[in-house]
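Structure first, commentary second.
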Amino acid sequence: MSRSEKFGQWSEAIARGMGTPSFLVILTLFCALWIIWNTLAPENMRFDSAAIGFTALTLILSLQASYAAPMILLAQNRQDDRERVHIEQDRQRAERNLADTEFLAREVVALRLALKELPDREWLRGEIKTMLEELQEEMSTTTAQQCSNAGAQTTTAADSQSAPIKNTEVSSITQNPFTGRFNINEKI
């Protein structure tokens, strides 16, 4: 720590002490005791004269005031320097917070836009219903063609021993969520 820094801390401590109520009480008691002693004490024990306005007390108080003012100003200057540093740090912190907030706001907007592009539940339900309807139509046309082909074969080969053809109808189509395959449940 440099000498000027030590002196600055010392002067701040003195200035801080002079700004307290206890200092005012002590100074008031000192002046009162000075005046009482130099007024009521025996003449040979007095060291300041009331007749000439307590000149020594006035000089002491003037000396104290002449040192107190620069010390207070020095303490204020040091406090201003500290506040200036704190203000600069606060400004930098506020700039970082603003940049972080703007970044987060841009990220939230990007997420909202990305979520708008994703399909929602209703759209997926509609697509699945459409696919189910298409599969049911396809299955019904396939089974109708199979039945008509089978009917044509039975009329041409009445004497053959073929197995009877089932007339099937699709009752439901479900998709296995793990494999992605469709399961067709037939109604006989």
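The values are calculated or read from the model by the stated rules, or taken from the named source; none is laboratory data. The structure presented is a predicted model; accordingly, all values stated were derived computationally and were not measured. Here the Cβ is made from the backbone with ideal geometry for all residues, glycine too, and neighbour counts use every protein chain on show. When the accessible area is computed, the model is the full protein with side chains, heavy atoms only, and any ligands, DNA or RNA have been set aside. Shrake-Rupley method; radii C 1.70, N 1.55, O 1.52, S 1.80 Å.
Conditions (1) farther than 25 Å from residue 77 by Cβ; (2) free of Cβ contacts under 8 Å to residues at least 12 places away in the same chain; (3) open to solvent by 50 Å² or more (accessible area, probe 1.4 Å), marked per residue:
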{"site": "1", "(1), (2), (3)": "no, yes, yes"}
{"site": "4", "(1), (2), (3)": "no, yes, yes"}
{"site": "8", "(1), (2), (3)": "no, no, no"}
{"site": "15", "(1), (2), (3)": "no, no, no"}
{"site": "24", "(1), (2), (3)": "no, yes, yes"}
{"site": "28", "(1), (2), (3)": "yes, yes, yes"}
{"site": "31", "(1), (2), (3)": "yes, no, no"}
{"site": "41", "(1), (2), (3)": "yes, yes, no"}
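Tallying residues that are outside any loop (DSSP other than H, G, I, E, B) and open to solvent by 100 Å² or more (accessible area, probe 1.4 Å) within region 46-62 yields 1. Looking at 127, 88, 138, just one residue is in a helix (DSSP H, G or I), at pLDDT 90 or above and either open to solvent by less than 100 Å² (accessible area, probe 1.4 Å) or not basic (Lys, Arg) (or both), and that residue is 88.
Just to be sure, is residue 54 touching a residue at least 12 places away in the same chain (Cβ under 8 Å) and over 30 Å from residue 8 (Cα atoms)? Judged against the criteria, residue 54 is a match. Would you pick out the residues in region 3-45 that are of a type in the set (Gly, Ala, Ser) and in a helix (DSSP H, G or I)? 4, 8, 11, 13, 15, 17, 22, 32 - these are the residues of region 3-45 that are of a type in the set (Gly, Ala, Ser) and in a helix (DSSP H, G or I). Scanning region 101-122 for residues that are open to solvent by less than 90 Å² (accessible area, probe 1.4 Å) and assigned to a helix (DSSP H, G or I) turns up 101, 105, 107, 108, 109, 110, 114. All of 98, 74 fail the test of being part of a helix (DSSP H, G or I) and farther than 29 Å from residue 15 by Cα, apart from 98.
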